[in-house]
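The values are calculated or read from the model by the stated rules, or taken from the named source; none is laboratory data. Quantities reported herein were computed from a predicted structural model and do not represent experimental measurements. Reconstructed Cβ throughout: ideal geometry from the backbone, glycine too, with neighbour counts over all protein chains shown. The area values use the complete protein model at the heavy-atom level, side chains included, leaving out ligands, DNA and RNA. Shrake-Rupley method; radii C 1.70, N 1.55, O 1.52, S 1.80 Å.
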Amino acid sequence: METGRTAVRVAIRVRGVVQGVGFRPFVYTLATGLGLAGLVGNDPDGVFAEVEGPAPAVEEFLRRLERDAPPLARIEDVSTWAISPTRSGKSFVIAASTSAGPRRTLVSADTATCADCLTELSDPADRRYRYPFINCTNCGPRFTIVRDVPYDRPLTTMAPFAMCAACAAEYDDPADRRFHAQPVCCPACGPRLTLDDNDQDPIPAAAALLKNGQILAVKGLGGYHLAADAACEPAVAALRARKHREDKPFAVMAMDLAAASDLAEIDATAAALLTSPARPIVLLPHRAGANVARAAAPGNRQLGIMLPYTPLHHLLLASTDSPIVLTSGNVSDEPIAYRDDEARERLKDIADGFLTHDRAIHVRTDDSVARTFRGRPMLVRRSRGYVPEPLTLDSSFPRPVLACGAELKNTFCLAQGRHAFVSHHVGDLENAETLRSFTEGIAHFCRLFDIEPQVVAHDLHPEYLSTKYALDLADAEDLDLVGVQHHHAHIASCLADNGESGPVIGVAFDGTGYGPDGTIWGGEFLLADLAGYERGGHLAPVPMPGGAAAIRQPWRMAAAYLGDAALANTGLANTGLPVAKRNADRWAAVVAMAAKGVNSPLTSSAGRLFDAAAALLGVRDTINYEGQAAIELEQLAEPAAAEAYPAGLETGEGPFQARGSDLLHALLADRTGGVPAPLIAARFHHGVAALIEAGCLHLRDQSGLGTVALSGGVFQNTFLLHAAVTRLEAHGFRVLLHSRVPCNDGGISLGQAVVAAASKSSAAGRRLAGPRSGSRRTGS
Ligand SMILES: [Zn+2]
Ligand SMILES: [Zn+2]
């Protein structure tokens, strides 16, 4: 054993999110505090260090290295090995960064202003007093300003700002909180905030404008927002009208937890999410009587709330002294504006003023959105604050994979080693702008993480732009292609989210996904693992009269379901129904269209079943945003009601069919009987949950599987989710839910990536337990 007097020297390699998070100053302070000599530096592989001194001190150093790491560091791996002491004295130095070799280090996400910076921000004696761009190694912009790696100032959008002497001194001092903080700056040398390019003090003037009921464009971390006084009904209504956004809720930013608590009910999980460094928008139960304009979230029991995450937000909120609506800076469904000229052009008819600055945004990044379920966070949109940090999986990707995602709420995913880098929210891939974000984003991620994909995974839908991109890329670069069925990708995503590999009973309920049998799937019960799946059951298919028109007009789905034989015989399906009267001019034609199958693709979609229920109940005949009818049906449902409409399964050869029309039959009977709508909505939800329960029990009998994975956008419906999980757990099922990636199509890319990896690494023809007769083994 060492006596403690002999010097030892140990080399250390730390991997993970260890750059741009204050890791080297931490190592420096720790080592010098223990009287150790040596060095620390960054290279493309992470952080390297050597420490030399008495063995007990070196051991203490290694103990604290992981335990006391800086708050934003995420250590994935520390390796150490003994080397010969150099006896070069007591000095500890920061070694120069090197950029040779493979890049395996991780870029951190943008991070909310830290407590130390907030103290300085409000200290009149501090040289950064009220400076809207204050930051340090523990906080500030990261992903949104990084142009390339290694993460050093010249490769960020801070490059044009030459540090002043005072900032440079902090930057170079290993004991300083701003040591090598790449975005470090101050009023003397950093970015400048302006309101409408004039000389007035921008923050008070901007606050006055908001207080005056005007609408403000505010340049944020990942793009422009539009702001209005949240309590001012005319201002919020004007914002809605000018944005051409009829109903979709706006998010509200409140100064702090106390102010947020005035607006919504916040439990411990939600409070932790709201105050986390990622600062997502959190969907919370709206507090009755809260002083928020009705136009902020019309007809919604929930309110999306976030807390300030940049110094600019803190200053603005302190100045308005009341919550503001803060919604993405765009018109209707366009992507959020992030380049200054483009923002001025696109938002000029919406905003009465522009609160902007001269630090460029490199990657457009929307706010993340989360909710909580049973004490767990569930991300609905994973973007700013989370991206680009990878999901670390238990098993390795045998070859680098690019997964191109779906069409709506697109994300892509690049995977290599044990890391899956799910991209920021790209958006709906239906215009040139989002397609450009998609292709540029992929190129950016490939460069940042030094990944050259060898496998490209894609959805089976031939018309998705992401599919077309995948086919073109594979063709041009001679890469392997893996087509992954949409709902299999959902279930695989849920498995990866939970660090599992199946097999499970997967329930994938959503609006639309391409089925290999030529119909549109969306109410699927799969027996699945990562490598493959088998369709165990599904909602009974119904026609979608008019195709895509039926998605925008839920009343068409009501007509389609009413044309169903089971309902037609009940006598309830007649033109005396209110939904038929409201749409009398086209009702008969649409019923006939569905019956004859003219321009009426068949679908087993759960989303369309919710649409039909919403229309039959008079909730909504047409929608203004995706999922609106189902969302409003959920809002209507009476939380205390527990009764469920019954629905049958038709079993036999092949996949079972669950009769969604049974639920609508019961709904119509209740409606005719004068049962209050909130009770009907609740019974319908419980009926869908009972149908999920019945389907899973049936498949458990057949397969012996006792774990259920729930995925697909329909499970954003927490009323349904709660009812389904309760029923499944009562039968002893283990239930897997999403948490780190969305259950909606934003999670598809991760699922595609793990399916591509599994289908390439596992033996062909791997079998799942379960029924085989008549069902299709659809290799993904
Ligand atoms: Zn800070
Ligand atoms: Zn400075």
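Classify the stretch 355-403 as rounded, prolate or oblate from the Cα gyration tensor: take a ≥ b ≥ c as the square roots of its eigenvalues, call it rounded if a/c is under 1.5, otherwise prolate when a/b beats b/c and oblate if not.
It is oblate, given that a/c is not under 1.5 and a/b is not larger than b/c.
What is the angle, in °, between the Cα long axis of helix 432-448 and the longest principal axis of the Cα atoms in the chain? Nearest 10 is fine, range 0 to 90.
40 degrees
What relative contact order, as a whole-number percentage, does the chain give when Cα pairs under 8 Å and 6 or more residues apart are counted?
Once divided by the residue count of the chain, the mean separation gives 11 percent.
Out of 694, 143, 718, whose Cα points farthest toward the positive end of the dipole of the chain (charges: +1 Lys, Arg; -1 Asp, Glu; placed on Cβ)?
The one lying farthest along the dipole's positive direction is 694.
With +1 on the Cβ of every Lys and Arg and -1 on the Cβ of every Asp and Glu, and nothing else charged, how large is the dipole of the stretch 569-722 about its Cα centre, in debye rounded to the nearest 20?
400 debye
On each of the three principal axes of the Cα atoms of the stretch 146-268, give max minus min coordinate, whole Å, ordered largest first.
50, 43, 28
Place the peptides 521-528, 136-143, 499-506 in order of packing, highest mean first, counting for every residue the other Cβ atoms within 10 Å and averaging per peptide.
Packing proxy ranking, top to bottom: 521-528, 136-143, 499-506.
Using Stokes-Einstein with the Kirkwood hydrodynamic radius over Cα pairs, what translational diffusion coefficient do you get for the stretch 61-210 at 10 °C and a viscosity of 1.306 mPa s, in µm²/s rounded to a whole number?
In µm²/s, the coefficient rounds to 88.
Kindly provide the Kirkwood hydrodynamic radius of the stretch 280-323 in Å, to one decimal, from all pairs of distinct alpha carbon atoms.
Its Kirkwood hydrodynamic radius stands at 11.8 Å.
What does the convex hull of the Cα atoms of the chain come to per residue, in Å³, rounded to a whole number?
Output value, Cα hull per residue: 174 Å³.
When the dipole is taken about the Cα centre of the chain, and only Lys, Arg (+1) and Asp, Glu (-1) are charged at their Cβ, what size is it in debye, to the nearest 20?
Charge dipole, the chain, about its Cα centre: 720 debye, nearest 20.
Set Lys and Arg Cβ to +1 and Asp and Glu Cβ to -1, take the dipole of the chain about its Cα centre, and tell me which of 537, 733, 221 lies farthest positive.
733
Please list, by residue number, everything in the stretch 613-646 whose backbone N is under 20 Å from a paramagnetic label point 7 Å out along Cα→Cβ of residue 675.
Answer for this model: 613-620, 630-646.
Contour minus end-to-end for residue 76 and residue 59, with contour as 0.36 nm per residue of separation and end-to-end as the Cα-Cα distance?
Length difference between fully extended and current span is 4.2 nm.
Name the residues of the stretch 692-734 whose amide N is less than 12 Å from a point 7 angstrom out from the Cα of residue 267 along the C-beta direction?
722
Assuming R0 = 41 Å, what is the FRET efficiency of residue 127 and residue 585, from their Cβ-Cβ distance, to the nearest 0.05?
Rounded to the nearest 0.05, the efficiency is 0.05.
What nm distance separates the two modelled labels at residue 439 and residue 392, each placed 7 Å from Cα along Cα→Cβ?
It is 3.6 nm.
When the Debye formula is applied to the Cα atoms of the stretch 239-298, each taken as the same point scatterer, what base-10 log of I(q)/I(0) results at q = 0.12, 0.21, 0.28, 0.31 Å⁻¹?
-0.32, -0.86, -1.23, -1.38
Label residue 192 and residue 432 with points 7 Å out from Cα along Cα→Cβ: what is the distance between them in nm?
About 3.5 nm separates the two model spin labels.
By the gyration tensor of its Cα atoms, with a ≥ b ≥ c the square roots of the eigenvalues, what is the shape of the stretch 200-250: rounded for a/c under 1.5, prolate for a/b over b/c, or oblate?
oblate
Take each of the peptides 615-627, 160-172, 289-301, average the number of other beta-carbon atoms within 10 Å over its residues, and list them starting from the highest.
Output ranking for 615-627, 160-172, 289-301: 615-627, 289-301, 160-172.
Got a number for carbon plus sulfur as a percent of the stretch 143-213's accessible area, 1.4 Å probe?
53 percent
Based on C-alpha coordinates, I'd like the Rg and Dmax of the stretch 151-205, in Å.
When restricted to the Cα atoms of the stretch 151-205, Rg and Dmax are 13.5, 40 Å.
Relative to the longest principal Cα axis of the chain, at what angle does helix 311-320 sit, 0 to 90 degrees, rounded to 10?
70 degrees
With a 4.7 Å Cβ cut-off, tell me which Cys residues in the chain come up empty for a partner.
117, 136, 167, 185, 186, 232, 404, 413, 446, 494, 696, 743
In the stretch 240-389, what is the volume of the convex hull around the alpha carbon atoms, normalised per residue and reported in Å³?
122 Å³
Can you find, among 190, 205, 21, the residue sitting farthest towards the positive end of the charge dipole of the chain, where Lys and Arg contribute +1 and Asp and Glu -1 at Cβ?
Result: 21, furthest along the dipole toward the positive end.
Specify the angular offset, from 0 to 90 degrees and rounded to the nearest 10, of the alpha carbon long axis of helix 748-761 from the longest principal axis of the alpha carbons in the chain.
With rounding to tens, the tilt is 80 degrees.
Do the sum for the chain: with -39,500 (n - 2.57) for every DSSP H run of n ≥ 4, divided by all residues, what is the mean residue ellipticity at 222 nm, to the nearest 500 deg cm²/dmol?
Estimated from H runs of four or more residues: -10000 deg cm²/dmol.
Distances over 19 Å make up what percent of all Cα-Cα pairs in the stretch 483-545?
Tail of P(r) above 19 Å: 25 percent of Cα pairs.
Averaged per residue, what accessible surface does the chain expose to a 1.4 Å probe, in Å²?
With all protein chains present, the chain gives 36 Å² per residue.
Rg to Rh for the stretch 4-120: what is it, with Cα atoms only and Rh by Kirkwood?
Here the Rg-to-Rh quotient is 0.99.
Which whole-percent values make up P(r) of the stretch 379-520 when all C-alpha to C-alpha distances are grouped in 5 Å steps starting at zero?
For the stretch 379-520, the binned pair fractions read 2, 9, 19, 24, 23, 16, 6, 1 percent.
How much of the accessible area of the stretch 600-758, probe 1.4 Å, is carbon plus sulfur, in whole percent?
The computed percentage sits at 52.
Would you list which aspartates and glutamates come within 16 Å of residue 596, measuring only between C-alpha atoms, while excluding same-chain residues fewer than 8 positions from it?
Result set, ordered by chain and number: 564.
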